[in-house]
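Inspection log for the structure reproduced underneath, given as structure tokens.
The values are calculated or read from the model by the stated rules, or taken from the named source; none is laboratory data. Keep in mind that this is a model prediction, so the values were computed, not measured. Note that we place each Cβ from the backbone using ideal geometry, even for glycine, and neighbour counts take in every protein chain shown. Side chains are part of the model used for accessible areas, which takes the heavy atoms of the whole protein and leaves out ligands, DNA and RNA. Shrake-Rupley method; radii C 1.70, N 1.55, O 1.52, S 1.80 Å.
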Amino acid sequence: MSTASKSSRAGSRQAPDYSDPRYWRGTIKMSLSKFFVLSVLHRKPMHGYEVVQAVEKSTNGCCSPSEGTVYPVLNEFEAGGYLCSTAEVVQGRSRKVYALTDKGREAFQLAVDAWLEATDCIVASKQAAEKTPKKAKQ
């Protein structure tokens, strides 16, 4: 493929607006959704909708995944052996209740360590930026 073809194809896609806080919040929410699903299930087994509510509540709304986001994540975790599920009657309805397996608990601990490492880097970057004199806007 020629360079011109590559650049015209890349040019047809609109670049994200990196100066828009909504871009960064959306990226963070997408990245943290899987982490928070593991986090709430680390506390206790739950059915899918309960996971949605628990993630939203535990993050004070910072991460509020939809059911359409959570159920594929639950299925992916279950297929990978990170969760197991049982059918239970909850409030008179048959629900699939998910629980972490030992593999899922280990994955959660690894995720905590990875996010803490990233958080340390973010805090260090913020501190460095605060020490750097601000330049005039261009």
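Values as computed for the structure displayed
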read-out	value
Considering only the chain, percent of DSSP beta bridges that pair antiparallel, nearest 5	100 percent
At R0 = 41 Å, FRET efficiency that the Cβ-Cβ distance of residue 96 and residue 20 yields, to 0.05	0.65
Partner aspartates and glutamates for residue 29 [C-alpha distance under 20 Å; skip if fewer than 8 residues away on the same chain]	17, 20, 50, 56, 67, 76, 113, 117, 120
Ranked order, 112, 89 - accessible area, probe 1.4 Å, largest first	89, 112
Two-site label geometry, residue 118 and residue 49: point separation in nm, points 7 Å out along Cα→Cβ	3.0 nm
Nonlocal amide H pairs with residue 83, under 5 Å, H built at 1.01 Å	78, 101
Reachable lysines, given that their alpha-carbon falls under 26 Å from the alpha-carbon of residue 134 and they are not under 8 places away in the same chain	126
Within a Gaussian network of the chain (alpha carbon springs, distance under 10 Å), most fluctuating of 96, 34, 126	126
Unit charges on C-beta of K, R, D, E only; dipole of the chain, Debye	620 debye
Solvent-accessible area, 1.4 Å probe, carbon plus sulfur percent, for the chain	55 percent
Among beta bridges that DSSP assigns inside the stretch 40-106, antiparallel share in %, nearest 5	100 percent
Sum of side-chain charges, residue 86 neighbourhood, beta-carbon under 15 Å (Lys, Arg +1; Asp, Glu -1)	+1
Lys/Arg +1, Asp/Glu -1 at C-beta; the chain dipole; positive extreme among 18, 38, 61	18
Accessible surface, the chain, averaged per residue in Å² (probe 1.4 Å)	73 Å²
Cα-based Rg of the stretch 6-131 normalised by 2.2 N^0.38 Å, two decimals	1.30
Most mobile of 128, 111, 54 in a GNM of the chain (Cα contacts under 10 Å)	128
